[in-house]
Every structure is written in structure tokens, then in C-alpha cells.
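Below is one structure, written out as C-alpha cells; the observations come after it.
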Amino acid sequence: MFGEFKVPEAVYAGRGALQMLPQASSSLGKRALIVTDQVMERLGYVEQMQRMLAEAGVQADVFAEVNTEPTDVHVETGVRAFLQHGCDHLIALGGGSAIDAAKGISVMAVHEGYIGDYMGGRRTFDKAPYPVIAIPTTAGTGSEVTSVTVITNTKDDVKMMIRQPALLPKVAIVDPQLTVSSPPHVTASSGVDALCHAIEAFISRRSHPLTDALATDAAKKIVTYLERAYNDGQDLEAREGMAIAALEAGMAFTNSSVCLVHGMSRPIGALFHVPHGFANAMLLPTVLEFRLDDYAPRLALLARALNPELSGASDGEAAAWVVRRVKTLAERLQIPNLKTWGIERDAFERALDKMANDALASGSPANHPVVPSHEEIVQLYRQAYDATWDAAPMESLTK
């Protein structure tokens with residue numbers, strides 16, 4: 001099966017890549033809107049970038065209101081700021097929230113209506129968007145190289161997954177030095193999010209050889225470097241490994257699609273305000289076990305790429321190893337379950353029907369190797385609510 005593959009026009013990755021910002025920005029225009037959050041302002045990154053851009057003749061205004069998961073309000077407010085300042089391109093600085101918000105602003109600044117109108121292909125972004133330079137400061141979402149944005153509908157409490165070519169950034173700048181400021185809990189949740197991207201891209205019904213290669217390499221880097229980055233945020237080798245892994249996983253899933261984990265995680269984020277990375281991390285072990293025998297041969301291919309000692313193991317044994325490895329990471333990185341996060345059980349039970357409906361409506365579960373029913377999704381939510389990782393000792397994972 002062949003597949004289409006799209007990435008930004010330019011990707012600069014590695015230590016010091018931020019130095020390419022003035023050149024990239026000045027090639028796109030003279031006035032940029034930096035879409036970011038107040039943490040990036042406090043850390044001094046925004047001011048540093050404004051100085052760099054000024055030396056290249058680019059004036060940079062700042063929209064620093066994206067301090068939560070991006071919403072339709074952020075997009076509408078950002079569009080007003082973009083147009084009022086007379087900007088001609090955007091620079092997204094931060095995690096996936098800032099980048100997703102910038103993507104929404106870039107398309108809605110030239111299109112009419114409500115951004116939710118464009119979900120599910122009901123309407124098409126048929127005008128050229130304002131160009132986006134995406135600069136991630138976490139190693140997780142891969143949003144810097146994807147044609148997807150996830151925006152919360154604040155009226156209906158639905159996370160809208162919108163996937164169209166116009167949402168692909170023009171330039172991605174991935175400098176691992178910017179991720180050093182990520183605290184351990186963000187490093188953990190974003191890192192497991194990247195692992196989720198890699199695994200789902202690999203098992204997706206829409207995967208193809210090029211996405212397989214990127215997903216496999218991303219997963220290898222994550223199991224090598226994530227714990228190191230979590231335990232020592234100043235470990236630049238680990239930070240770089242994770243930054244490149246998140247980039248590769250993003251390239252993989254935007255060209256093959258995510259699956260059931262993402263479909264189920266968005267409603268949790270919308271209704272209970274769990275950050276995207278944590279929601280994925282909470283669900284991944286439980287979802288991987290869902291009818292595992294039915295797709296064990298596929299997951300076993302990834303397992304053997306990650307652990308050559310599994311070459312003689314059966315498909316079932318190799319696939320089960322992946323689940324154990326994910327649970328070990330969840331335990332080592334102190335990933336909570338939904339109950340520990342603080343979601344009240346009765347409120348969770350009342351939301352199950354809506355969450356299952358919203359998960360199926362997103363389209364992502366249809367890419368899973370085994371497409372679940374509404375009731376099966378409800379049961380998976382219940383299992384994930386108070387799931388325990390029951391991780392095997394690390395040294396046993398290669399046996």
C-alpha cells in the first residue's frame with residue numbers, strides 16, 4: 001500500500017537551530033505575531049526572539065494568552081490581534097497548545113465562519129493561510145510538522161480535531177535547548193504523548209513504509225532517552241534525542257493518522273481539563289491491551305525493532321512486551337490514572353456516553369487495528385479510570 005507524505009517546506013532540527021529564525025521569518029514578511037504563553041515570556045524566550053527578529057528587520061508583536069489547551073476563544077481573539085497589528089506571518093512558540101492555536105489563527109484570518117465548521121471536512125480551507133513558523137519547547141506533540149489542530153469548542157465541551165493540508169506549518173524549528181526548561185511532569189506527559197504518536201502511527205490502518213520507518217526510530221529514541229530527560233532535565237543528549245523523536249513521531253502520525261487513544265483522550269481533556277499529553281499517557285496502556293491478540297502480529301514487528309532479543313518470541317509474547325514496556329515507563333514517570341488525577345467517579349460515569357460518542361465522532365478510532373463499538377469504548381474508559389501499571393522490573397523486560 002502506498003501513502004502520501006507531507007512535511008513543512010523547511011525543518012531545522014538540532015542544537016542551535018533557533019539561530020535560523022531571523023532568516024526564516026524575514027523570508028516570510030516584515031511583521032510577525034508570536035503566539036505563545038506567559039511562561040515563555042517569564043523565561044525570557046519571547047524577548048530573546050524579538051531581539052533576534054528586530055536585527056533582521058522583522059517587527060514582532062506578542063499574543064501570549066494560550067495558557068491552557070487551545071480553544072475557539074483563543075483563535076478568535078488571536079485573529080483579531082493578528083489583523084489589528086497588520087501581521088503577515090505567525091511564530092508559534094511553546095508546546096502543542098501554542099502551535100495549534102497559531103495554526104487556527106493562520107487559517108481563520110483568511111476564512112469566514114466558525115473554526116468548528118471546518119471539522120470533519122464539512123468545509124475546506126481553500127484560501128492560502130498565513131504562514132506559520134512552529135518552534136516547540138516541549139518534546140511531545142509533534143504539532144510543528146502536522147496538518148492537524150485540536151481546538152476546544154467552549155460551548156459544547158468538545159475537542160475538535162481538524163485535519164486539513166492548510167494547517168501544516170511553513171517552517172519547523174526544533175532546538176532541544178528550548179526544552180531544557182520543561183519541568184519533569186511536562187517532560188513525562190509530553191514524552192509518553194510522543195510514544196503514543198509513534199505506536200499509533202505504526203499500528204494505524206493508514207500506515208505505510210515511510211511512516212513505519214519514522215515511527216520505529218521515534219519509539220527507539222523514546223525508550224532510550226525519555227527517562228534520562230525526566231531524571232535530569234539538563235541532559236542535552238537526552239533532550240535532543242527526545243526532540244528529534246517527537247519530530248519523527250509527528251511526521252509519522254500526520255501522514256498515517258492516530259487511533260483509539262487519541263479519539264478517547266480528547267473528550268477527557270474537553271470535559272475534565274486534563275492536558276492532552278497526560279490524557280494520552282493515562283489511556284495508552286489500557287487501550288493497547290484492547291483485543292491485543294487481534295493485532296499482535298503488527299505490534300510484534302515494532303517490539304522486535306525495539307528489542308532484538310525478542311526475535312525468537314511469538315507474536316503474542318512480543319506484543320505483550322510492548323505493553324509491559326509502556327507500563328514500566330508510566331510507573332517510572334509517575335503517570336497518574338484518571339482517579340488519582342482527581343476526576344470524581346460519579347461525574348466520570350455521567351460523562352461516559354458523551355465521551356464515547358465524541359471519541360467515535362472524531363474519526364480516530366476508525367484507524368485503530370480493531371475498531372471498537374460505543375459500549376467497548378465505555379468499558380475502556382472504566383478500566384482506565386483506576387488502572388494500575390503493574391510494571392515488571394526493568395531488567396526483566398528483555399527476557
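Summary of values
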quantity: Test: residue in segment 310-321 that is surrounded by 15 or more Cβ atoms within 10 Å (Cβ to Cβ) and either on the phi > 0 side of the Ramachandran plot or within 22 Å of the chain's Cα centre (by Cα) (or both); calculated: no
quantity: Cβ-Cβ under 9 Å pairs, at least 6 apart or on other chains, segment 292-318 side of a type in the set (Lys, Arg), far side open to solvent by 30 Å² or more (accessible area, probe 1.4 Å); calculated: Arg298/Asp315; Arg298/Pro369; Arg304/Ser311
quantity: Flag if Phe202 is open to solvent by less than 30 Å² (accessible area, probe 1.4 Å), aromatic (Phe, Trp, Tyr) and under 15 Å from Leu333 (Cβ atoms); calculated: no
quantity: Options Asp100, Asp61: the member that is under 23 Å from Gly277 (Cα atoms), open to solvent by 10 Å² or more (accessible area, probe 1.4 Å) and modelled with pLDDT of 95 or more; calculated: Asp100
quantity: Close pairs (6 angstrom Cβ cut-off, 6 or more residues apart or separate chains): within 15 Å of Val174 (Cα to Cα) in segment 15-37, among the acidic types (Asp, Glu) anywhere; calculated: Ala17/Asp175; Leu18/Asp175
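The values are calculated or read from the model by the stated rules, or taken from the named source; none is laboratory data. None of these values were measured; they are calculated from a predicted model. Note that we place each Cβ from the backbone using ideal geometry, even for glycine, and neighbour counts take in every protein chain shown. Surface areas here come from the heavy atoms of the whole protein model, side chains and all, with no ligands, DNA or RNA. Shrake-Rupley method; radii C 1.70, N 1.55, O 1.52, S 1.80 Å.
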